[in-house]
1. Within segment 279-305, which residues are of a type in the set (A, V, I, L, M, F, W, C), in contact with a Gly (Cβ under 8 Å, 6 or more places away or on another chain) and crowded, with 23+ Cβ neighbours inside 10 Å?
2. Answer yes or no as to whether Asp242 is at pLDDT 95 or above, farther than 30 Å from Asp398 by Cβ and crowded, with 23+ Cβ neighbours inside 10 Å.
3. Give me a count of the residues in segment 23-52 that are in contact with a strand residue (DSSP E or B) (Cβ under 9 Å, 6 or more places away or on another chain), under 22 Å from Leu295 (Cβ atoms) and not small (Gly, Ala, Ser).
4. Search segment 466-489 for residues that are under 24 Å from Met224 (Cα atoms) and touching a residue at least 12 places away in the same chain (Cβ under 8 Å) and pair each with any residue that is of a type in the set (Asp, Glu) and surrounded by 15 or more Cβ atoms within 10 Å (Cβ to Cβ) when their beta-carbon atoms are under 6 Å apart and the residues are at least 6 apart or on different chains.
5. Filter segment 219-233 down to residues that are at pLDDT 95 or above and more than 17 Å from the chain's Cα centre (by Cα), then give me how many there are.
6. Condition test on Leu325, is it assigned to a loop (DSSP other than H, G, I, E, B) and surrounded by 17 or more Cβ atoms within 10 Å (Cβ to Cβ)?
Amino acid sequence: MAKKEQKKSRGTKGISVSKENDFSEWYTQVIQKADLADYSAVSGCMVIKPAAWAIWEKIRDQVDERIKKLGVQNVAFPIFIPESLLTKEAAHIEGFAPEVAWVTHAGNSKLSERLAIRPTSEAIMYDSYSKWIRSHNDLPLKYNQWSNVVRWEFKHPTPFFRTREFYFNEGHTCFATQKEAENEGEEIIAMYTDVCEKFLALPSFVGKKSEKEKFAGAVYSTSMEFMMDNGKAIQGPVFHHDGQNFSKAYDIKFQDVNGKESYVWQNTWAISTRMIGVMFAIHSDDKGLVLPPKLAATQVVIVPILFEDSKAEVLKKAREIQKNLEKKGISVYLDDRDNYNPGWKFNEWEMKGIPVRIELGPRDLEKHQVMVARRDTSEKQALEITAIADEVRILLDDIQKSLFDKAQKILDKSILKVDNLKDAKAAFKDKRIVIAPWCSAVECEDIFKEKTGAKSLNSPLEQPKLKKGQTCSFCKEEAKLWMHFGKSY
């Protein structure tokens, strides 16, 4: 028997808790052991490591490509915002005031005016808009910037879900009419939905936020909400119609074709690095990370089974397979490290969520085949080497679709229709969210949250019909709409 060249296994530390029994600890372990992020010396701020940043770059590129087709141009504005600008829109600053981090000194010298570290860019951008927009010929103005922001949240930080610094796009658009501005909402939500479904393999439920939960300064906010296995919802991409609230505060006016002066109508919209965490949490399992193929930096890993007497031949074939896959546009990593045994490598790539693993040893060569394992289901099958490129392409597409279908089933079974507080409480205990007839009063929402620990999520854009005389599920006043409620991040 030939002497095996592989070194002994160094062992591998897997996930020590289950997703079902301890979601929070499970999620933390996945993030750290899959080498996605790390904590930093700044409380509440994380380091995004290469594997996760590569995913964000892919999301960013897909969004960027789509918004440019909508006529949006990218810009860059300062990260510092003078206090006098930030306070111009009362509702806006009231909503952000507790989260703003301030710069007060430069060296040992006190600044004449405090500078906010960007919590969002309305204030600094709209000061410029007021100088740039003069005529109807300057509209529509469609600018976006890719930026980092700081919101000094005091809640428990969770990597990607809730951190004091995060990255996002922020679109800031201006129009001559309300109709034009509101029509953009459909385009933006459709664009974000396309990216989330086709690339992140994530379905959502879309709707308008309540008055209490809408963006500070907006007329209304439309959100995409996603459902976790632990029964909590989390907000994803959002579109805010700001009406003329900011244009009046920042004096953004134009002359129409008749020479009449009017304030512009505005929107803001965003997708953030939070969506990376949402994707990790929904798709991954007790073995570690699971990635949709379209977002995986490495879609296939080839693990050769090496012995001294067949090493050269196996590696030669492995490299041929790698080249054939790459010709099909598939990203491949050949793990030819000789200081780890195959079992250790299998565990490592499972932990890191690589969609497809190809195993190739001397016995496989004799049979003109490879063993192929898919990460999402752990299923393995033998495939002929001559057909491997086409078969793996099909397999990757199937994994992408299967992940979306699984997430859709989780979402569908998680939403329960109720019409009373008792059933709502039972649904939350059962790790579900509810849709219920509601009066839309802020006081009712506050009391509901005190009693259940849950809050309003959004109200479906396509409303189920209310029964005649339908009352609110929680206060028995007249119901005005259907609203999703649930526990959330």
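1. Once the filter is applied, which keeps residues that are of a type in the set (A, V, I, L, M, F, W, C), in contact with a Gly (Cβ under 8 Å, 6 or more places away or on another chain) and crowded, with 23+ Cβ neighbours inside 10 Å, segment 279-305 yields Leu289, Val290, Leu291, Ala296.
2. For Asp242, the condition - at pLDDT 95 or above, farther than 30 Å from Asp398 by Cβ and crowded, with 23+ Cβ neighbours inside 10 Å - is met.
3. 13
4. Ser473/Asp419
5. 3
6. no
A quick yes/no check of all residues on (1) of a type outside the set (A, V, I, L, M); (2) under 19 Å from Asp397 (Cα atoms); (3) part of a helix (DSSP H, G or I):
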site: Ala312; (1), (2), (3): no, no, yes
site: Leu315; (1), (2), (3): no, no, yes
site: Arg337; (1), (2), (3): yes, no, no
site: Lys345; (1), (2), (3): yes, no, yes
site: Arg357; (1), (2), (3): yes, yes, no
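For every residue, the table says whether it meets (1) among the basic types (Lys, Arg); (2) out of contact with any Cys (no Cβ under 8 Å at 6 or more places or on another chain); (3) surrounded by fewer than 21 Cβ atoms within 10 Å (Cβ to Cβ).
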| position | (1), (2), (3) |
| --- | --- |
| Arg393 | yes, yes, yes |
| Ile399 | no, yes, no |
| Ser402 | no, yes, yes |
| Ala407 | no, yes, no |
| Ile415 | no, yes, yes |
| Ala427 | no, yes, no |
| Asn458 | no, yes, no |
| Lys465 | yes, yes, yes |
| Ala479 | no, no, no |
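The values are calculated or read from the model by the stated rules, or taken from the named source; none is laboratory data. Being a predicted model, the structure only gives us computed values, none of them experimental. Note that each Cβ is placed from the backbone with ideal geometry, even for glycine, and that neighbours are counted across all protein chains shown.
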